[in-house]
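Chemist: After the structure tokens below, expect a handful of questions from me.
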Amino acid sequence: MALSEIKKYEQDGGEAKEIAQYLPWFPFKGIPRFYDIGGFLYEPAIFQKVVDIFVDRYREIGIDSVAGLDARGFILGPPIALALKKPFIMMRKKGKMPNTVSSDDYKTEYGSRSGLTVQRDKITKGQRVLIIDDLVATGGTLSSAISLVKMLEGIVVECACVVELKMFIDPPADSGLPSRSKLFKDLGHQDVPVWGLISEDILTNKASLPEGYVDDGEEH
Ligand SMILES: O=P(O)(O)OC[C@H]1O[C@H](OP(=O)(O)OP(=O)(O)O)[C@H](O)[C@@H]1O
Ligand SMILES: Nc1ncnc2[nH]cnc12
């Protein structure tokens, strides 16, 4: 089955709305809305539902491996890879693994990172790789992951995320927001599909924070 034929699990559909209730946001790392997957990871039935949706989506389309992005893609990727009975590949931040290729430096919604890496023997020419992460915002992180697959002559079947922040896809020029579409185009990734189950439109669960809460998020 081709990706274009997959009709189930539309973005912000019924399942997405249920899961969104367990994905709180709060000010963190200097941004007003940090979306915390720790909410649904704590609920086994909801965590299972998330995994099942991704497994269902990719069971029929022929993938060779699942690549998860450091760090939150390391939580979601392995159960999906195991259910699909496919190898799991770590894409780690720099300096953590031997025998790697590295992407260029990249930016996220709230920070700068000095490259993602993958072990060079984990992807071979023509292999079809599914990239998994928790959330796509500016697309900086996904772009680096796509570059790694391309460096090793693999093919990215899709980048799949639980949350897709649509505000970054193609923001108005006067918004000051980085554009994911422009970044992908500049890097030659415009044909790589990105899919997110939940957008910010239905992420309405503002966390109730304790009195005196301070943003103690750190750059890493
Ligand atoms: O689309 P972008 O603007 O690149 O942002 C999305 C990325 O930012 C977060 O990762 P982070 O680098 O903060 O790593 P962490 O999972 O270790 O917190 C998130 O888990 C995504 O990987
Ligand atoms: N708004 C956000 N919430 C959680 N993780 C993120 N990574 C980049 N932007 C994010």
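The values are calculated or read from the model by the stated rules, or taken from the named source; none is laboratory data. Just so it is clear, the model here is predicted, and its values are computed rather than measured. Cβ sites come from the backbone with ideal geometry, for glycine too, and all protein chains shown count toward neighbours. Accessible surface is based on the protein model in full, side chains and every heavy atom, while ligands, DNA and RNA are left aside. Shrake-Rupley method; radii C 1.70, N 1.55, O 1.52, S 1.80 Å.
Chemist: Pulled fully out, how much extra length does the chain show between Q190 and E5, if you take 0.36 nm times their separation in residues and subtract their Cα-Cα distance?
Modeler: Here the answer is 64.6 nm.
Chemist: Another question about this same structure. Excluding the sites themselves, what is the longest stretch of the chain that contains no trypsin sites (Lys or Arg not before Pro) in a DSSP loop with at most 15 other C-beta atoms within 10 Å?
Modeler: 126-220
Chemist: To the nearest 10 square angstrom, what accessible area does L177 show with a 1.4 Å probe?
Modeler: Only protein atoms counted, so the area is about 70 Å².
Chemist: I would also like to ask the following. Within the P(r) computed for the chain, what percentage of the Cα pairs occupies the region above 20 Å?
Modeler: The share of Cα pairs beyond 20 Å in the chain comes to 59 percent.
Chemist: Quick one: accessible surface of Y9, probe radius 1.4 Å, all protein chains present, in square angstrom to the nearest 10.
Modeler: 40 Å²
Chemist: Something else about it: Ignoring ligands, DNA and RNA, please state the percent of accessible area on region 24-70 from carbon and sulfur, probe 1.4 Å.
Modeler: 54 percent
Chemist: Can you put D104, D12 in order of accessible area, largest first, using a 1.4 Å probe?
Modeler: Accessible-area ranking of D104, D12, largest first: D104, D12.
Chemist: For K107 paired with V55, estimate the spin-label separation in nm (one decimal), with each label point 7 Å from Cα along the Cα-to-Cβ line.
Modeler: Rounded to a tenth, the inter-label distance reads 3.9 nm.
Chemist: Same structure again: Could you check the spin-label model distance between D174 and H220? Points 7 Å from the Cα along Cα→Cβ, value in nm.
Modeler: It works out to 3.9 nm between the two label points.
Chemist: Measure off, as a whole percent, the carbon and sulfur share of the 1.4 Å-probe accessible area of region 122-186, all protein chains present.
Modeler: Here carbon and sulfur together make up 55 percent of the probe-accessible area.
Chemist: Using 7 Å Cα-to-Cβ label points, what is the L41/F26 separation (nm, one decimal)?
Modeler: Taking the two extended label points, one gets 1.5 nm.
Chemist: Projecting each Cα onto the charge dipole of the chain (Lys/Arg +1, Asp/Glu -1 at the beta carbon, about the Cα centre), which of V162, A20, P193 comes out farthest on the positive side?
Modeler: P193
Chemist: For region 9-202, what does the accessible surface come to per residue with a 1.4 Å probe? Please give it in Å².
Modeler: For region 9-202, the per-residue accessible area is 45 Å².
Chemist: If the elastic network links every pair of Cα atoms under 10 Å, which of G39, G196, G77 fluctuates the most in the Gaussian network model of the chain?
Modeler: Largest GNM mean-square fluctuation: G39.
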